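The values are calculated or read from the model by the stated rules, or taken from the named source; none is laboratory data. What you are looking at is a predicted structure, and each value in this text was computed from that prediction instead of being measured. FYI the Cβ positions are ideal-geometry reconstructions off the backbone, even for glycines, and counts take in every protein chain you see. Note: accessible area is taken over every heavy atom of the protein model, side chains too, but ligands, DNA and RNA are not part of it. Shrake-Rupley method; radii C 1.70, N 1.55, O 1.52, S 1.80 Å.
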Amino acid sequence: MTAYDVIVIGGGHNGLVTAVYLAKAGQKVLVLEARDVLGGAAATEEVWPGFQVNTGAADAGMFQETIVKELFLKMYGLEFRESPAAIFAPSPTHPLTLWHDEARTTAEIVQHSPRDAERYPAFVRQVNRFTAVLQAMMLQTPPDLMALGLGDAGWGKVGWQLKRLGSPDMMEFVRVLPLAVQEYLDDWFESDALKGAIGADAIAGNQLGPRAAGTTLLLFYRHVNGWLHGRSPLGGIGQLSAALASAAQQAGAEIRTGTAVARIQVNDDGQATGVLLADGTEISARVVVSNADPRRTLFDLVGPQKLEPRFMRAVRNIIYRGCTAKLNLALSGLPEFVGQTNVAQLTGRIRLAPSLTYLEKAADAAKYGRISPQPFLDAAIPTLTDPTLAPAGQHIMTITMQYAPYCLRASDWANERERLGDLIVDTLAPYAPSLQSLISNRQLLTPLDWEQTYHLTEGSIHHGQMGLEQLLVMRPVSAWGQYRTPIKNLYLCGAGTHPGGGVTGAPGYNAAREVLKNSA
Ligand SMILES: Cc1cc2nc3c(=O)[nH]c(=O)nc-3n(C[C@H](O)[C@H](O)[C@H](O)COP(=O)(O)OP(=O)(O)OC[C@H]3O[C@@H](n4cnc5c(N)ncnc54)[C@H](O)[C@@H]3O)c2cc1C
């Protein structure tokens, strides 16, 4: 007799999605989360008294609506807020705001280039047609090419979406997917400010610059729910995991935080039988599902000696290369930005990416193990649309920074952390002159912090780089894209599996389906 049907290691949003679906299917589920908070890289934490900070991700624009509906997450307190602005690019001479309202955006772009303004609506239509094809893949298990599983119903839907594009568009889709985002955007636009503001979405979380092959696919992936679609849960991104946790508990799942798994128990038949906790407790289960990233799961928790050499090498060779840092600030008031004419402009992302060349140069530094001296910065002030996150009259500003490579060539993160905090504030200073004087507290999270505190191997926020070579049937490693592992009854359900990183819930959804299919 095992104590549980399923143990889910990790209470990130994907682990919780898996837990809800399995518990609703009648499985006896236990979720074990090492940290004291749920949500993993998408958590909201009280970093200073009264300040609820989205320490990692801030935006749930990619989260799959199917999951919201099927799990009735709104009944469990999930409420989204949408902001009027999507992106504001400050500049003393040429500020640019991309609004969710297309006509308003076109009126902004015309100030930069009348030609680009004319082309923008057609660009948005094309992106939306192409992302509809990606959307059809999100909640599907990648085909098992060896078993010729392409004919199943889910992939039929993808084929149908492709066909719907019609032949010229279908060819264009296939042509542009592997392109560098710079090549794709150069085809459409001439304004550096516009291309920088848009193209930055294609490089988020990866140590790739806009001239890297396949970054166009990442641009589409980022907008999988529709161009510039963005939304954040009221009360912070952590409310998504809170709603999932309530749904899981309502369905009978047990959730323990502050409970680190030290080992996945594997018997002599190569079958997972449960876990060993860091405190020495053993818990048995018929199935173990890991929300931790693939290398952490298979090397740290299973152990390479339990893996067949070819598979072990493939796992060792997964590219992680975390390159994201985050500076979270408590502010005594609202900063003003150059070129800003109204507060609504600051309700989305405040983005410092003045051109694709600027982004490529920022990426160049990381290639050689250096922190970008002129970094890409993506800031948000969530208290503008959700004042409950901070004490009255005060604000939170979170700034995601690239590129801060996990492996530093001539220094280490103990030496660089304070300097990086200063670099981020100094880089913003010309754009927000009052910022420095408004800072009452700051928290800097480096790739090493993501690894040591948030359990992300090499600080990779996507559980492995989202390069063309690590997507779809190759995620996490080729021939193992179906959430199973060579250890019988051990599954993966995190961002290291298809479709990848971001707050989508899709890996967790697909993994639950595979567990149920295989235990039927
Ligand atoms: C700074 C930053 C900004 C980001 N911005 C965005 C954004 O704007 N939009 C977006 O969509 N995405 C963004 N992301 C990416 C996104 O947050 C992640 O890709 C996603 O949250 C991963 O979810 P997950 O559930 O698969 O894994 P995780 O959130 O990593 O959860 C895994 C969980 O497993 C736990 N765990 C690991 N090992 C063990 C163990 N041995 N025992 C018990 N528990 C364990 C971890 O503590 C963690 O809670 C950002 C991430 C960061 C860090």
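Given the structure, is Arg129 in contact with a Gly (Cβ under 8 Å, 6 or more places away or on another chain), surrounded by fewer than 19 Cβ atoms within 10 Å (Cβ to Cβ) and more than 30 Å from Ala365 (Cα to Cα)?
No; evaluated as a whole, the condition is false for this residue.
Name the single residue that is farthest from Gly258 (Cα to Cα) among those in the stretch 444-462 being in a loop (DSSP other than H, G, I, E, B) and open to solvent by 30 Å² or more (accessible area, probe 1.4 Å).
Filtering first and then ranking leaves Ile461.
Six or more apart or on different chains, Cβ under 7 Å: which pairs go from a residue in the stretch 376-395 that's assigned to a helix (DSSP H, G or I) to one that's β-branched (Val, Ile, Thr)? Could you list them?
Sorted first by the residue in the stretch 376-395, then by its partner, the pairs are Pro382/Ile396; Thr383/Ile396; Leu384/Val343; Leu384/Thr347; Leu389/Thr383; Leu389/Ile396.
Tally up the residues in the stretch 281-315 that are farther than 15 Å from Leu490 by Cβ and open to solvent by less than 50 Å² (accessible area, probe 1.4 Å), please.
1
Of everything in the stretch 32-49, what is of a type in the set (Asp, Glu) and not in a strand (DSSP E or B)? Give them in sequence order.
Glu33, Asp36
Could you tell me which residue of the stretch 1-12 is nearest to the ligand (Cβ to nearest atom), considering only residues that are of a type in the set (Val, Ile, Thr) and crowded, with 24+ Cβ neighbours inside 10 Å?
Among them, the one singled out is Ile9.
Could you go through the stretch 93-106 and let me know if any residue there is crowded, with 21+ Cβ neighbours inside 10 Å, within 23 Å of the chain's Cα centre (by Cα) and in a strand (DSSP E or B).
There is at least one residue in the stretch 93-106 that is crowded, with 21+ Cβ neighbours inside 10 Å, within 23 Å of the chain's Cα centre (by Cα) and in a strand (DSSP E or B).
Is it fair to say Leu438 is touching a residue at least 60 places away in the same chain (Cβ under 8 Å), closer than 14 Å to Ala330 by Cβ and crowded, with 16+ Cβ neighbours inside 10 Å?
Considered against the rule, which asks whether it is touching a residue at least 60 places away in the same chain (Cβ under 8 Å), closer than 14 Å to Ala330 by Cβ and crowded, with 16+ Cβ neighbours inside 10 Å, Leu438 comes out as yes.
Is it the case that Thr44 is buried (at least 23 other Cβ atoms within 10 Å of the Cβ), within 29 Å of Ala204 (Cα to Cα) and among the hydroxyl-bearing types (Ser, Thr, Tyr)?
Criteria met by Thr44.
Restricting attention to the stretch 486-504, does a residue exist that is over 15 Å from Val6 (Cα atoms), open to solvent by 20 Å² or more (accessible area, probe 1.4 Å) and either among the aromatic types (Phe, Trp, Tyr) or at pLDDT below 95 (or both)?
no
Does Ile318 satisfy the condition of being open to solvent by less than 20 Å² (accessible area, probe 1.4 Å), more than 11 Å from the ligand (Cβ to nearest atom) and out of contact with any Phe, Trp or Tyr (no Cβ under 9 Å at 6 or more places or on another chain)?
So Ile318 passes the test.
Take residues that are within 21 Å of the chain's Cα centre (by Cα) and of a type outside the set (A, V, I, L, M) and tell me which of the helices (runs of 4 or more DSSP H) falling wholly in the stretch 160-273 contain 1 or more.
Those helices (runs of 4 or more DSSP H) span 192-199, 215-222, 238-250.
So which of Gly421, Gly393 is among the small types (Gly, Ala, Ser), at pLDDT 95 or above and within 20 Å of Ala362 (Cβ to Cβ)?
Gly421
Please state which of the following conditions Pro405 fails to meet, knowing it meets all the rest: (1) closer than 22 Å to Leu38 by Cα; (2) out of contact with any Asp or Glu (no Cβ under 8 Å at 6 or more places or on another chain); (3) more than 12 Å from the ligand (Cβ to nearest atom); (4) not hydrophobic (A, V, I, L, M, F, W, C).
Every listed condition holds for Pro405 apart from (1).
Just the residues that are in contact with a strand residue (DSSP E or B) (Cβ under 8 Å, 6 or more places away or on another chain), under 15 Å from Ala242 (Cβ atoms) and within 16 Å of the ligand (Cβ to nearest atom), please, taken from the stretch 60-83.
Residues satisfying the conditions are Ala60, Leu78, Phe80.
Go through (1) within 16 Å of the ligand (Cβ to nearest atom); (2) buried (at least 18 other Cβ atoms within 10 Å of the Cβ) and name the single condition His395 misses.
Every condition holds for His395 apart from (1).
Taking the criterion of being among the aliphatic types (A, V, I, L, M), within 14 Å of Thr55 (Cα to Cα) and part of a loop (DSSP other than H, G, I, E, B), would at least one residue in the stretch 408-415 satisfy it?
no
In the stretch 468-483, what count of residues is obtained for those that are away from the ligand (no atom under 15 Å from the Cβ) and crowded, with 19+ Cβ neighbours inside 10 Å?
4
Here are some conditions: (1) open to solvent by less than 20 Å² (accessible area, probe 1.4 Å); (2) within 10 Å of Gly238 (Cα to Cα); (3) aliphatic (A, V, I, L, M). Leu38 meets all but one. Which one does it not meet?
Against the list (1) open to solvent by less than 20 Å² (accessible area, probe 1.4 Å); (2) within 10 Å of Gly238 (Cα to Cα); (3) aliphatic (A, V, I, L, M), Leu38 comes up short only on (1).
Only one of Ala86, Ala57 is surrounded by 22 or more Cβ atoms within 10 Å (Cβ to Cβ), within 16 Å of the ligand (Cβ to nearest atom) and part of a strand (DSSP E or B); which?
So the residue among Ala86, Ala57 that is surrounded by 22 or more Cβ atoms within 10 Å (Cβ to Cβ), within 16 Å of the ligand (Cβ to nearest atom) and part of a strand (DSSP E or B) is Ala86.
If I filter the stretch 13-31 for residues that are in a loop (DSSP other than H, G, I, E, B), open to solvent by less than 10 Å² (accessible area, probe 1.4 Å) and either near the ligand (Cβ under 10 Å from one of its atoms) or under 30 Å from Glu282 (Cα atoms) (or both), do I get at least one hit?
Checking the stretch 13-31: not a single residue is in a loop (DSSP other than H, G, I, E, B), open to solvent by less than 10 Å² (accessible area, probe 1.4 Å) and either near the ligand (Cβ under 10 Å from one of its atoms) or under 30 Å from Glu282 (Cα atoms) (or both).
Does Ala248 qualify as being open to solvent by less than 10 Å² (accessible area, probe 1.4 Å) and either modelled with pLDDT under 95 or under 20 Å from Ala292 (Cα atoms) (or both)?
In short, yes.
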